[in-house]
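The values are calculated or read from the model by the stated rules, or taken from the named source; none is laboratory data. Since this is a predicted model, take the numbers as computed values, not measurements. All Cβ positions, even for glycine, are placed from backbone atoms using ideal geometry, and neighbour counts span all protein chains on display. The accessibility values were calculated without ligands, DNA or RNA, using every heavy atom of the protein model including side chains. Shrake-Rupley method; radii C 1.70, N 1.55, O 1.52, S 1.80 Å.
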Amino acid sequence: MTALVLLAGCNSGGGDTGNGQAPRDATPAETVAEFLTAWENGDVEKAADLTDDPAAARAALTAFISDTGLSDLTLTPGTGSGDVISFLVTARLPIGGDDGGSGDGEASDTVDWQYRSELSVREDDDLGTVVAWEPTVLHPDLTDGHRLETGPLSEEAAVRVLDRDGDELTAEDHPTLAAILTELGARYGADAGAGSELRIVDSAGARVVQLLELESPNPVDVPTTIDSDLQATAEQVLADTDRAGLAAIRPSTGEILALVTTPAPDPAEDPGESTDLAVKARLAPGSTWKIVSSALMIDRGLASPSAAHPCPKNFDHGGWPFENLNEFELENGTFAQSFAASCNTAFVSAAPELSDEELGTYARNTFGIGLEWDAGIAVESGTVPVESNAQMAAQLIGQAGVRANPLVMASVSATVRDGSFRQPYLVPPDHDGRELATAAGPSEGTAAQLRGLMVATVQYGTASAAMTGVPGETGAKTGSAEVIGQEDPNAWFTAYRDDLAVAAVVPESGHGGKIAGPLVAEVLKAAP
């Protein structure tokens, strides 16, 4: 209980409060003692009724407790001068908890809070002796429309996402990464703290003044493999494209160097339901998938780059007539020429020799497609369902149920370039001890033959126009994925240059070599 040893006062006069109750017949000292005791005990209703403005006092006293999350409140009266009486406020404030100090969560620790305030009493003809209510009763710095609260020093936890050189990545500098930065903050921010403070805020909740820093910020740095310069280049390259996705990775390590999706994904979007084309799309990859099919056919002895290979105008399988673009054919051509020209029938003709599940098993075991890729962010690693007859044949040219995204197809090129499958990752695995997915990769001989096929596509095939002027050791594959209901196909392109692999998709745009190819080429040219 609050003990009060201060001035005595006169009893209030008689009269009626207007609600059928007699006015309070108490001395100022008794009124103050009752008010402070009720407040200290959390009896807001009683404390408010001892003031000349119960409604305002009730709202303010309630908010004082809920908005600060205080505990162990003690109110110690001091001396007075006339009708003005000072008192000491002592309490404990939360510096942790799920609510950031709003009073609804369980605080992990508390800090002492102490200050001195004052109040005055007055005689009211109807009410008797009451506390004259003012916001300053709660705190001497409070004014009308303002309130006290505890809360975080900033709206976001202190997570700094860093690029490969240790510089901070921000949504302001790289707007297409905004959703990924938010996702990283949510995933790795558990040990971070935004800090907390006691403050006075206005009616809109904006800070007016900080009264006390309760907890200093505890920043957490999350390293990534993003190359800021390459990221900026990729963003600029795709800036005028209405809808597209692009991924760039380092073949020798699997490090993700750049990711761009336009329009930029919404940071408020659930990462598990995101439409981020670069890493989460599930689209048929079209003829870029022929890299994977070629590897299977080579290993199964169904194709050899320099050997003759049929590329007829049409080939029927499973009751479906497959044809090439504009019904072209290659007479007496090699498999390398069929690959470079993106001959559909050269691949579909292998279907009778393959089991329904063979392509999917090979893609998973050799290229890691369909495995769980923990890249530090949520990504889709592609799928190859078991299908039969015409659908199985269509899988060989990246249609039917085959699904991928630019990250997957950049990984395919990277696997060919390096000769090993290295799971793409954005956050280095040693940062949090993650296990990366593993796959056997192609044999040394198969990888060399695949590189030869992709080189031929650059030299005289469907990628030659787009890759003109790209220096270094290069290889590429185009793709144009037909989609039911679309007038134009999805344009795909995947390529490597030295130790950089890049893939892009531009939905509903046209042919890969013409639409997606120049985008990939520009990013490849930007590499040092």
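The number of residues in segment 415-441 that are among the aliphatic types (A, V, I, L, M), open to solvent by 30 Å² or more (accessible area, probe 1.4 Å) and either in contact with a strand residue (DSSP E or B) (Cβ under 8 Å, 6 or more places away or on another chain) or within 22 Å of Ala278 (Cα to Cα) (or both) comes to 1.
Filtering segment 183-209 to residues that are part of a loop (DSSP other than H, G, I, E, B), of a type in the set (A, V, I, L, M) and more than 18 Å from Ile95 (Cα to Cα) leaves Ala204, Ala206. Picking from residues in segment 139-182 that are open to solvent by 40 Å² or more (accessible area, probe 1.4 Å) and outside any loop (DSSP other than H, G, I, E, B), the one that is farthest from Pro265 (Cα to Cα) is Arg147. The number of residues in segment 41-60 that are charged (D, E, K, R) and more than 16 Å from Asp126 (Cβ to Cβ) comes to 4.
Residues considered: Glu508, Glu522. Of these, the only one that is on the phi < 0 side of the Ramachandran plot and open to solvent by 10 Å² or more (accessible area, probe 1.4 Å) is Glu522.
Hey, can you tell me all the residues within segment 314-369 that are among the hydroxyl-bearing types (Ser, Thr, Tyr) and assigned to a helix (DSSP H, G or I)? Within segment 314-369, Ser338, Thr345, Thr361, Tyr362, Thr366 qualify. In the condition set (1) in contact with a Lys or Arg (Cβ under 8 Å, 6 or more places away or on another chain); (2) over 30 Å from Thr241 (Cα atoms); (3) open to solvent by 60 Å² or more (accessible area, probe 1.4 Å), Arg122 is compliant with all but (1). I'd like to know if segment 236-251 contains one or more residues that are closer than 28 Å to Gly510 by Cβ, out of contact with any Phe, Trp or Tyr (no Cβ under 7 Å at 6 or more places or on another chain), surrounded by fewer than 22 Cβ atoms within 10 Å (Cβ to Cβ) and in contact (Cβ under 8 Å) with a residue 40 or more places away in the chain. Within segment 236-251 (the criterion being closer than 28 Å to Gly510 by Cβ, out of contact with any Phe, Trp or Tyr (no Cβ under 7 Å at 6 or more places or on another chain), surrounded by fewer than 22 Cβ atoms within 10 Å (Cβ to Cβ) and in contact (Cβ under 8 Å) with a residue 40 or more places away in the chain), the answer is yes, since at least one residue qualifies. With a requirement of 3 or more residues that are farther than 22 Å from Phe328 by Cα and either hydroxyl-bearing (Ser, Thr, Tyr) or out of contact with any helix residue (DSSP H, G or I) (no Cβ under 7 Å at 6 or more places or on another chain) (or both), the helices (runs of 4 or more DSSP H) lying completely within segment 426-528 that satisfy it span 444-460, 512-526.
Could you go through segment 471-478 and let me know if any residue there is basic (Lys, Arg) and open to solvent by 20 Å² or more (accessible area, probe 1.4 Å).
Pass one, segment 471-478, residues basic (Lys, Arg): 477.
Among the residues that remain, those that are also open to solvent by 20 Å² or more (accessible area, probe 1.4 Å) are: none.
No: segment 471-478 contains no residue that is basic (Lys, Arg) and open to solvent by 20 Å² or more (accessible area, probe 1.4 Å).
The residue that is surrounded by the most Cβ atoms within 10 Å (Cβ to Cβ), counting only those in segment 210-230 that are among the acidic types (Asp, Glu) and in a strand (DSSP E or B), is Glu215. With respect to the conditions (1) out of contact with any strand residue (DSSP E or B) (no Cβ under 6 Å at 6 or more places or on another chain); (2) open to solvent by 30 Å² or more (accessible area, probe 1.4 Å); (3) in a loop (DSSP other than H, G, I, E, B); (4) more than 19 Å from Ala179 (Cβ to Cβ), Thr233 falls short on a single one, namely (3).
Of all residues in segment 401-408, one or more are in a loop (DSSP other than H, G, I, E, B), closer than 22 Å to Thr225 by Cα and not charged (D, E, K, R). Here Ala390 does not fit the description of being open to solvent by 40 Å² or more (accessible area, probe 1.4 Å), of a type outside the set (Ser, Thr, Tyr) and not in a loop (DSSP other than H, G, I, E, B).
For segment 480-496, the tally of residues that are free of Cβ contacts under 8 Å to residues at least 12 places away in the same chain and over 19 Å from Ala394 (Cβ atoms) stands at 0.
Within segment 64-71, is even one residue farther than 22 Å from Arg207 by Cβ and surrounded by fewer than 21 Cβ atoms within 10 Å (Cβ to Cβ)? Checked segment 64-71: at least one residue is farther than 22 Å from Arg207 by Cβ and surrounded by fewer than 21 Cβ atoms within 10 Å (Cβ to Cβ). Checking segment 98-110 against the condition returns a match, with at least one residue being over 19 Å from Ala206 (Cβ atoms), open to solvent by 60 Å² or more (accessible area, probe 1.4 Å), out of contact with any Asp or Glu (no Cβ under 9 Å at 6 or more places or on another chain) and at pLDDT below 95.
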